[in-house]
Ligand code: UTP
């Protein structure tokens, strides 16, 4: 079955980014001049997704405004003769059909996905976390959909992480199938490195079969009192084949301060308008520190 729907959970509290996230959703913090969420929606649209459900929450209204048409701004820009900007703003509101649902309480990623049940219906769907961006030649989700089309099973986007980073992620117990693809035997959320089944971490991209909803409904709160998607995926892997695909590209956790800064620097350096000037500036900063 073709993957045409994606779910983007963006209802988390963003406590790692307080006080910035008191009134501004972390998914709207810009990397250079573009909100994180826009990069993610562009990736979904370039991967062939037609309908996107954003799981939103209290204090997240800026997300809806950003992906809506802005008549007042466009009228002002037209009056000022800034037609390039009008096109650029119009392209944001026509990226995909964007739908919203509110997660009334941030009870965890698993609970956020459960809020997508009636939108998804009985088809496999994609999940892109609202604070993870991936820079890749071929969009990360497109790579995963290609793998899904071969296996017709749930696919988790993974990469190897360093030993000290293992306790930040869901880690899989992996059985190699072919280059870049493992069968998932089990999963552990944020294990201690010495207890982890591997160093292969799930990094913010998933294709999941709709069986996950029944499992989520029966998942008790796990680590941190939250309903963990990892626990339901682990149960899914006991019922039907689940695969992990090592995607190509660099992934940034822009919900963490370091990840946000890394993304900002690297995206800025690759920009044709400011990259060279920013690189020259960074050299002076490094020179000062040396
Ligand atoms: P995170 O754990 O990174 O988000 O969830 P968080 O809880 O906002 O982060 P901190 O630790 O407080 O800084 C990964 C993704 O899942 C969403 C978040 O918005 C983020 O995009 N999420 C998380 C929800 O939509 N609902 C939740 O209950 C939890």
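I need the full set of residues from region 245-262 which are touching a helix residue (DSSP H, G or I) at 6+ places or on another chain (Cβ under 9 Å) and within 12 Å of the ligand (Cβ to nearest atom), in order please. 253, 254, 255, 256, 257, 260 - these are the residues of region 245-262 that are touching a helix residue (DSSP H, G or I) at 6+ places or on another chain (Cβ under 9 Å) and within 12 Å of the ligand (Cβ to nearest atom). Going through (1) closer than 26 Å to residue 36 by Cβ; (2) in contact with a helix residue (DSSP H, G or I) (Cβ under 7 Å, 6 or more places away or on another chain) one by one, residue 192 falls short only on (1). The set of residues in region 129-170 that are within 16 Å of the ligand (Cβ to nearest atom), without any contact (Cβ under 8 Å) to a residue 40 or more places away in the chain and crowded, with 18+ Cβ neighbours inside 10 Å contains only 169.
Table: residues versus (1) under 16 Å from the mean Cα position of the chain (by Cα); (2) modelled with pLDDT of 95 or more; (3) over 25 Å from residue 159 (Cβ atoms).
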{"residue": "222", "(1), (2), (3)": "no, no, no"}
{"residue": "247", "(1), (2), (3)": "yes, yes, no"}
{"residue": "275", "(1), (2), (3)": "no, yes, yes"}
{"residue": "281", "(1), (2), (3)": "no, yes, yes"}
{"residue": "284", "(1), (2), (3)": "no, no, yes"}
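Residues that are away from the ligand (no atom under 14 Å from the Cβ) and part of a loop (DSSP other than H, G, I, E, B) were ranked within region 11-54; the one that is surrounded by the fewest Cβ atoms within 10 Å (Cβ to Cβ) is 23. Checking region 208-220 against the condition returns a match, with at least one residue being touching a strand residue (DSSP E or B) at 6+ places or on another chain (Cβ under 6 Å) and surrounded by 14 or more Cβ atoms within 10 Å (Cβ to Cβ). Taking the conditions (1) under 21 Å from the mean Cα position of the chain (by Cα); (2) outside any strand (DSSP E or B); (3) more than 16 Å from the ligand (Cβ to nearest atom); (4) surrounded by 19 or more Cβ atoms within 10 Å (Cβ to Cβ) in turn, residue 237 satisfies each one other than (1).
Taking the criterion of being without any contact (Cβ under 8 Å) to a residue 60 or more places away in the chain and either touching a strand residue (DSSP E or B) at 6+ places or on another chain (Cβ under 8 Å) or outside any helix (DSSP H, G or I) (or both), the residues of region 271-290 that qualify are 272, 273, 290.
If you filter region 81-113 down to residues that are outside any loop (DSSP other than H, G, I, E, B), touching a residue at least 60 places away in the same chain (Cβ under 8 Å) and out of contact with any helix residue (DSSP H, G or I) (no Cβ under 7 Å at 6 or more places or on another chain), you find that the one that is nearest to the ligand (Cβ to nearest atom) is 112. Taken over region 246-267, the criterion of being on the phi < 0 side of the Ramachandran plot and either in a loop (DSSP other than H, G, I, E, B) or buried (at least 24 other Cβ atoms within 10 Å of the Cβ) (or both) is satisfied by 247, 248, 252, 254, 255, 256.
The values are calculated or read from the model by the stated rules, or taken from the named source; none is laboratory data. Only a predicted model underlies this, so the values are computations on that prediction, with no experimental measurement involved. As a convention, Cβ positions derive from the backbone with ideal geometry for all residues, glycine included, and neighbour counts pool all protein chains shown.
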